[in-house]
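Values in this text are rule-based calculations from the coordinates and carry no lab data. This one's a predicted model, so the numbers in the text were calculated from it and none came from an experiment. Neighbour counts are summed over all protein chains in view; Cβ atoms, including those assigned to glycine, are modelled from backbone coordinates with ideal geometry.
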Amino acid sequence: PYFTLDTSSLRHWLTEHADLASRLGGNPEDWMIREVSDGNLNTVFIVAGPDGQLCCKQALPHVRVAPEWPMPLQRALYEARYMRATADAVRPAAPELYFYDEEMFLLVMECLTPHEVLRSALIRDDAQPGFSASIGQYVARSVHATSWISRPFEVGSKLLEEFSGNTALTRITVDLILTDPFRPCSRNPEAEAALLSDVTALQDNKPLHRAVGVLQDRFLTARQALLHGDLHTGSIMLHRDDVRVIDGEFATMGPIGFDCGLYLGNLALHACAAPHKQDFIRTEIIAFWSSFTNEFRALLKTGGGDVWALSDETQREELLENFLTSILQDTAGFCGLEMIRRTIGFAQVADYTLCPTPENRTQARRKALQTGQRLILDASTVQNLSDVLALLTLV
Ligand code: SR1
Ligand code: MG
């Protein structure tokens with residue numbers, strides 16, 4: 001039966017799993033075990049032995065950073081399923097899953113060392129430029145492997161079945177990203193005084209709420225492919241040019257632009273917090289989109305799904321270009337949602353600590369709110385990446 005692990009019980013648990021223990025080598029009492037929990041939801045341990053290291057991630061029955069908020073343990077299963085469903089397509093851009101324990105809601109996986117969380121690397125100004133090309137490739141490969149265009153519909157049907165139970169985490173997304181920031185809500189931290197009128201205006205903005213409604217519908221009904229579901233800069237680790245995507249527990253079938261939009265939203269927020277890095281962020285956004293589209297175009301040349309099965313190469317190309325435009329429109333909208341929720345919602349971001357003064361921070365947040373609203377309102381007018389860069393004022 002389930003119990004919450006600590007360093008001592010994890011040591012014992014590992015000794016009872018010989019294949020995992022053998023990856024560590026040496027004597028169990030000599031293993032170094034450290035808790036390195038960083039995200040909002042789970043506990044994470046790094047275990048080091050003479051022959052290797054392991055990363056052990058366990059779901060808690062509540063939100064780690066808000067213990068009064070209960071959360072089903074089952075979410076760990078969806079992360080394991082996501083890793084298994086995408087591993088072959090994205091390897092080596094994700095850690096290897098070695099073992100999933102169904103009773104302990106525990107994932108044991110490859111330890112990424114000396115990797116660092118991308119958000120922290122960006123804040124320290126220490127991320128090797130070009131990482132976004134790897135993320136674009138990752139998104140193209142993961143969604144291609146799970147889309148109706150590339151796979152017989154039975155594959156998509158099975159994925160819908162396997163991931164439709166991930167309702168607790170989808171509920172978090174629906175509330176925290178797609179709803180709460182746009183209404184007064186006890187989960188939203190109190191906004192700083194200087195931003196109160198901006199927040200009130202946003203929460204009274206009826207045209208904005210209509211546009212958010214379109215995105216709510218897209219998120220819940222456009223089941224285009226299997227999404228990571230929480231692809232922010234805290235869900236990515238890197239060391240030099242080795243870039244890995246982690247934390248797929250929010251996985252769900254959804255619109256491809258959701259993964260793209262969350263990623264770009266976090267880059268854009270970083271540029272709001274650190275305006276002197278705008279050119280760098282603009283280059284990363286361009287690298288992401290060109291790598292995503294190039295990889296997706298190349299992969300989709302081969303077809304394989306029931307969708308577009310009748311079309312010749314020329315027609316597939318035309319269909320694909322329209323599909324990419326529609327993904328870009330979704331991307332713009334979800335990018336705007338992410339910028340807003342990370343600025344005034346429950347889960348805000350450390351990037352704003354880069355602002356040297358409180359006044360700079362207010363300005364940065366205001367810019368994020370204004371940019372986010374513009375992106376949401378104008379998402380449907382977007383035709384190419386330059387339009388998105390213009391909405392981001394990154395031209
Ligand atoms: C209660 S969980 C809050 C946020 O943390 C996760 O990483 C997701 O981004 C979620 O929205
Ligand atoms: Mg996470």
Checklist outcome for this item: Checking the range 36-144 for trypsin sites (Lys or Arg not before Pro) in a loop per DSSP with at most 13 other beta-carbon atoms within 10 Å yields 124
Checklist entry - Add -39500 (n - 2.57) for each DSSP H run of 4 or more in the chain, then divide by its residues: what number comes out at 222 nm, to the nearest 500 deg cm²/dmol? => result -16000 deg cm²/dmol
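Would you mind calculating the relative contact order of the range 1-84 from Cα pairs under 8 angstrom and at least 6 residues apart, reporting the percent as a whole number?
Relative contact order, the range 1-84: 20 percent.
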Checklist entry - Running Debye on the range 116-391 with equal point scatterers at the Cα sites and no solvent, what base-10 log of I(q)/I(0) appears at q = 0.08, 0.09, 0.10 Å⁻¹? => result -0.31, -0.40, -0.49
Checklist entry - Taking Cα atoms of the range 66-114, Rg/Rh with Kirkwood Rh, to two decimals? => result 1.05
Checklist entry - When only DSSP loop residues count, what GluC sites (Glu not before Pro) in the range 188-261 have their Cβ near at most 10 other Cβ atoms within 10 Å? => result 190
Item to check | Within straight-line cross-link reach of residue 158, aspartates and glutamates at Cα separation under 19 Å, skipping those fewer than 8 residues along the same chain | outcome: 79, 88, 249, 306
Next on the checklist: Checking the table 206/277; 206/367; 57/301 against a 26 Å threshold on Cα-Cα, which pairs fail?
Outcome noted: 206/277; 57/301
Checklist entry - Among rounded, prolate and oblate, which fits the range 7-110 when a ≥ b ≥ c are the square roots of the eigenvalues of its C-alpha gyration tensor, a/c under 1.5 means rounded, and a/b larger than b/c means prolate? => result oblate
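Can you list which of the GluC sites (Glu not before Pro) found in the range 26-126 are DSSP loop residues with at most 15 other C-beta atoms within 10 Å?
Working: sites: 29, 35, 68, 79, 96, 102, 103, 110, 116; in loops: 96, 102, 103.
Passing both the DSSP loop test and the Cβ count: 96, 102, 103.
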